[in-house]
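What follows is one structure encoded as C-alpha cells, with my remarks underneath.
Just so it is clear, none of the values below were taken in a lab; they were calculated from the coordinates. For clarity, every value in this text was computed on a predicted model and none was experimentally measured. Heads up, the Cβs are rebuilt from the backbone with ideal geometry, glycines too, and the neighbour counts pull from every protein chain shown.
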Amino acid sequence: MSEIIIENEQTLFAVDADLLNIIQKVALKALEVEKFAQPCEVSVLLVDNQEMHRLNHQFRDMDKPTDVLSFSMIEGGYDERDIAYVSDLLLLGDIVISLERANEQAQSYGHTFEREVAFLTAHAMLHLLGYDHLTDTQEQDMMQKQEAILNELGFLR
C-alpha cells in the first residue's frame with residue numbers, strides 16, 4: 001500500500017482532517033488512474049507564498065512564488081538500479097503546495113479552495129509520474145488526466 005505523508009509548515013490556513021483527506025485521496029487516485037502498482041511514498045509539504053518563493057528561487061532560479069512544485073525521485077524513467085526505497089516503498093518524490101497561492105487561484109477561478117488544492121495535488125502527482133507540459137500535446141494530455149482524476153473524486157468545475 002502506498003503512503004502519502006503530509007506536513008503543514010504554514011499558519012495562514014487551517015489544515016483539518018478534511019483537507020488532509022482530499023490530498024491523500026487525490027494522490028492515491030492519480031496512482032490508480034496511472035496504474036502505478038509499485039507501493040510508493042510521496043511527501044507533501046504545505047507552505048505559504050514566502051516559503052514557496054524561497055524554494056522556487058533555490059530550486060528553479062525563479063524569483064517569485066508559484067503554486068506547486070514537484071521533485072520526482074524517478075525523473076527520467078523508472079530504473080530499478082537508480083531508485084530509492086524506504087522499507088518496501090519506492091520513494092516516488094516530494095510535492096510542495098502553497099496554500100496561500102491555492103486560495104488566491106481558487107478565488108480567481110471561481111471554485112473552492114478544496115478543489116484548487118485537489119487540482120494542484122493531481123498536477124504534481126502527474127509530474128512525479130513522468131508527465132510534463134512543455135508542448136501543446138503534453139499539456140492537453142496532462143489536463144485530460146488531471147480532469148479524469150478530479151472528476152472521479154467529484155471535484156467538478
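Between Gln50 and Glu104, the modelled labels are 1.5 nm apart [label points 7 Å from Cα along Cα→Cβ]. Distances between placed amide hydrogens fall under 5 Å for Phe36 paired with no residue 5 or more residues away or on another chain.
For the range 1-80, the spread of Cα positions along the three principal axes, ordered from largest to smallest, is 36, 33, 16 Å. Principal semi-axes of the equivalent ellipsoid, √(5λ) from the alpha carbon gyration tensor of the chain, are 23, 18, 17 Å from largest down. Can you return the lysines within cross-link range of Lys35? Criterion is Cα-Cα under 19 Å, with same-chain partners fewer than 8 residues away left out. Partners found: Lys25, Lys145. Here the Gaussian network model covers the chain, with springs between Cα atoms less than 10 Å apart; of Gly110, Gly93, Gly130, Gly110 fluctuates the most.
Applying 1/(1 + (r/R0)^6) with r as the Cβ-Cβ distance of Asp63 and Asp132 and R0 = 25 angstrom yields a FRET efficiency of 0.65. Largest GNM mean-square fluctuation across Thr11, Thr121, Thr66, computed for the chain with C-alpha springs under 10 Å, falls on Thr11. When only the Cβ of Lys, Arg, Asp and Glu is charged (+1, +1, -1, -1), the dipole of the range 3-149 relative to its Cα centre reaches about 180 debye. Counting only DSSP H runs of at least 4 residues, each contributing -39500 (n - 2.57), and dividing by the residue count of the chain, the helix-based mean residue ellipticity at 222 nm comes to -15000 deg cm²/dmol.
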